[in-house]
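Below is one structure, written out as structure tokens, with a few remarks after it.
Coordinate-derived values only; no laboratory data. Keep in mind the model is a prediction, meaning the values are calculated, not measured. Backbone-built Cβ (ideal geometry, glycine too); neighbour counts: all protein chains shown.
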Amino acid sequence: MNKRAFSTQMARSLSYFKKGAKGDIILEVILLVIAIISLLPIYYMVNTTLRTPDQVITSPFGFPEQLDLSGYVRAWNMMNYPNVFKNNLIISLVSVSGVILLSSMAAYTFARRPGKVFNWIFITILIGVIMPFQVATIQLFRVLTYLHLTDTLLGVILVEIFVAVPFNVFLIKNFVNSVPIQLEESAFIDGAGVWRTYWRITFPLLQPVIATLTVLDSLSVWNDFFTPLLILHSRAKGVILLEVYRNVGQFQTDWTNFFPMMILGVAPLVILYLFMQKYIVEGVSTGAVKG
């Protein structure tokens, strides 16, 4: 290649690089603007909780002149936060644990027991992913009333479990299919039964998808409003979102009380996500590679 051809090729390469860099800068600016717009509601909510009602009215997006934490104190007392947090925690822990155990065992069975019977059962379970349980609200309430499970945390827990099982079974089954069956066959040769093989060999390998579903199920159960509203009637059995809803008036809403309640309700989920984000990314990336 002569000097002139080499110079032409270098000029083309530099031109392409500059165009690519310019396109990347434009894309980054657009994404930054979208991120700022997305963060505005969060900024407004947090900012409102740190200001007095007069400051919020005169300057909705202004910075607080001085930090006012009285809104959190009022929200804590009005919600009876320790009680509703305890109810939320019990419902979430028991529901998520039950969903993970039932779904993982069912998914393992469907993945390792091929046949028409198991396929039909699996398809029947998947109907729950397509059809929302709200369409059977009246029948569900009648069953819970007959079993004396209305106004009980157990009633909410059972509904949350059976609503979440279909999607979890579908996702875990696909992940179990990626686990080498030779590992289980080796355990069988060594004398391990199905139960021991599942808990000692297969279940530990499902850690990425289990961690991901734990966070997703926790978000779903913690933020569920309809099921507690349907089943729980007494305030002593209430959950966080029911208390937040009681703050909404017929004609007006005091946002300086409403927003602190929302933050107190969301804070545990944010902490959970910060602890589990490594496993979520691992589960998503593993599923992408194996899928």
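Normalised by the number of residues in the range 126-211, what is the relative contact order in percent for Cα pairs under 8 Å and 6+ residues apart?
On the way: 33 pairs, mean separation 25.5, N = 86.
Across the range 126-211, relative contact order equals 30 percent.
When peptides 261-269, 192-200 are ranked by their average number of other Cβ atoms within 10 Å per residue, the highest-first order is 261-269, 192-200. The alpha-carbon positions of the range 100-150 define a convex hull whose volume is 113 Å³ per residue.
If I stretch the segment between GLU28 and ALA267 completely, what's the gain in nm (0.36 nm per residue apart, minus their alpha carbon distance), one decimal? Before the final figure, lay out each step's value.
Working: separation 239, 0.36 × 239 = 86.04 nm, distance 2.97 nm.
Additional length available on full extension: 83.1 nm.
Do any chymotrypsin sites (Phe, Trp or Tyr not before Pro) in the range 59-100 lie in a DSSP loop with no more than 11 other beta carbon atoms within 10 Å, and if so, which? Passing both the DSSP loop test and the Cβ count: PHE61.
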